[in-house]
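The values are calculated or read from the model by the stated rules, or taken from the named source; none is laboratory data. In this text, all values refer to a predicted model and were calculated from it rather than measured experimentally. Every residue, glycine among them, receives a Cβ derived from its backbone with ideal geometry; neighbour counts consider all protein chains shown.
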Amino acid sequence: KAGVTQTPRYLIKTRGQQVTLSCSPISGHRSVSWYQQTPGQGLQFLFEYFSETQRNKGNFPGRFSGRQFSNSRSEMNVSTLELGDSALYLCASSLAGTVYAEAFFGQGTRLTVV
Amino acid sequence: GDSVTQMEGPVTLSEEAFLTINCTYTATGYPSLFWYVQYPGEGLQLLLKATKADDKGSNKGFEATYRKETTSFHLEKGSVQVSDSAVYFCALSDQGSLNAGNNRKLIWGLGTSLAVNP
């Protein structure tokens, strides 16, 4: 079956702009999580959605937001982009979102803010 | 809060050498522990996991044992191959608020880059 699909793969944006990233989970998976990966900070949890509800949120400013649709697809939005938002954004899906469930990751969206 | 500490890289080994990548954690409760691998240009893949103390996860010749007494989950492989060159991440699954149901988030180490030379 198809894996986790993230679009676009690469983005270049200017400071102050906003951006929307998309994630299509594996069919049947209801939990979608987002992570930011940077060389200095490693992987940082952004938020997790399950059945269209945000269940968990990391320590990021309100400029970072997300949502999940009824088909489990998820989007994350970053407004008023800053240079420090340049990172690889990873989406992961899992079957039920339990602590034991394996998370399957997409290849990520590489965001560059100039 | 919960945290994961893993040894810094890069680690450079010759083919067939023994590999150990150390990982220790701090957590309340009883987290699940994971090793993920990221090959060049690819996304993260689950390598192995352990869900309770003394469990041993294993896959592709790699193994790690969940040691509650030392709060460790070290990754080992007896004989590495060039194809094992990648970045390895140790992670724990935070159960979050039990009252909120089975929600979860992964807390990550910073990753250890492994290069295996022929």
Test: residue in segment A:62-69 that is under 20 Å from B:F89 (Cα atoms) and within 14 Å of chain B (Cβ to nearest Cβ): no
Subset tally (residues that are of a type outside the set (V, I, T) and either loosely packed, with under 14 Cβ neighbours inside 10 Å or within 14 Å of chain A (Cβ to nearest Cβ) (or both)) for segment B:69-80: 3
Residues of segment B:71-88 satisfying the condition of being in a loop (DSSP other than H, G, I, E, B) and farther than 19 Å from B:G43 by Cα: B:T71, B:F73, B:H74, B:G78, B:S79, B:V80, B:Q81
Total residues in segment B:1-33, condition loosely packed, with under 12 Cβ neighbours inside 10 Å and either within 10 Å of B:C90 (Cα to Cα) or small (G, A, S) (or both): 3
Residue in segment B:6-21 that is over 15 Å from the mean Cα position of the chain (by Cα), in a strand (DSSP E or B) and either within 14 Å of chain A (Cβ to nearest Cβ) or among the small types (G, A, S) (or both) present: yes
Criterion violated by B:S72 - all others in (1) more than 11 Å from the chain's Cα centre (by Cα); (2) farther than 30 Å from A:C23 by Cβ satisfied: (1)
Strands (runs of 3 or more DSSP E) wholly inside segment A:12-90 that include at least 2 residues being among the charged types (D, E, K, R): A:53-57
Residue match in segment B:27-44 (condition: assigned to a loop (DSSP other than H, G, I, E, B), modelled with pLDDT of 95 or more and over 16 Å from the mean Cα position of the chain (by Cα)): no
